[in-house]
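These notes concern the structure reproduced below.
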Amino acid sequence: MSDDFSVDDVDLAIVEQLRSNGRATNQQIANNLGLTAATVSTRIRRMEDADKLRVVAVSDFSAHGYNVLMELAIEVDGRPASEVAAELAEFPEVFAAHLVTGRYDIDMLVVLRDFSDLPTLLLDKFSKVRGIRSMMPAIAVDVLKYKFDVAPLEARSPQ
């Protein structure tokens, strides 16, 4: 689709409905917005086709027994950071891994069921990954925002 695709107020309203209830049917969304189900369906498909919208399910890590959230900054040496990050991303405890600029090469978000799992994760699992020079863990003591709106959408005025 062309780069001039723009999201309007109707698209934004549909997205907000999906954000508040990802299981809402097109008919429910249509009823809430005063539209037809066909309009809602067409708008969602149009945004998906333009890679402006993807409807996904996100599970809450605490609902699955994970009680520790940790950021882990990793410095790499002797191996491409992309290879190290790809290997680390395979661990089930890692739910986000990023190549970054600055002092460290990789930044990850990791979940653990309990603090007692920390030594096993760092010393028995991650430290076995070749190329890790140092790891700097930072444990989250409070979660102020946990939101998966990947990108804020704004309606564009026609030009």
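The values are calculated or read from the model by the stated rules, or taken from the named source; none is laboratory data. Since we're looking at a predicted model, the values are computed, not measured. Quick reminder, even Gly has a Cβ in these numbers, built from the backbone with ideal geometry, and neighbours come from all protein chains shown. We work out accessible area using only protein heavy atoms, side chains counted, and drop any ligands, DNA or RNA first. Shrake-Rupley method; radii C 1.70, N 1.55, O 1.52, S 1.80 Å.
General observations
- Normalised radius of gyration (Cα atoms, divided by 2.2 N^0.38 Å) for region 61-139: 1.03.
- Nearest-10 value in Å² for the accessible area of Met108, using the 1.4 Å probe: 0
- Angle in degrees between helix 37-49 and the longest Cα principal axis of the chain, rounded to the nearest 10: 40
- C-alpha center-to-center spacing [region 60-98, region 117-147] in angstrom: 7
- Applying the Kirkwood pairwise sum to the alpha-carbon positions of the chain produces a hydrodynamic radius of 18.7 angstrom.
- Applying both filters, DSSP loop and at most 16 other Cβ atoms within 10 Å, to the trypsin sites (Lys or Arg not before Pro) of region 13-70 gives Arg23, Lys52, Arg54.
- Solvent-accessible surface of the chain, averaged per residue with a 1.4 angstrom probe and all protein chains in place: 67 square angstrom.
- Cleavage-rule hits, GluC sites (Glu not before Pro), region 66-98, DSSP coil, Cβ neighbours within 10 Å at most 13: Glu90
- For Leu118, solvent-accessible area (1.4 Å; no DNA, RNA or ligand), Å²: 40
- Under the Karplus curve 6.51 cos²θ - 1.76 cosθ + 1.60, θ = phi - 60°, whole-Hz ³J(HN,Hα) for region 141-146, x wherever Gly or Pro sits: 9, 7, 9, 8, 8, 9
- Carbon plus sulfur fraction of accessible area for the chain, probe 1.4 Å, in percent: 50
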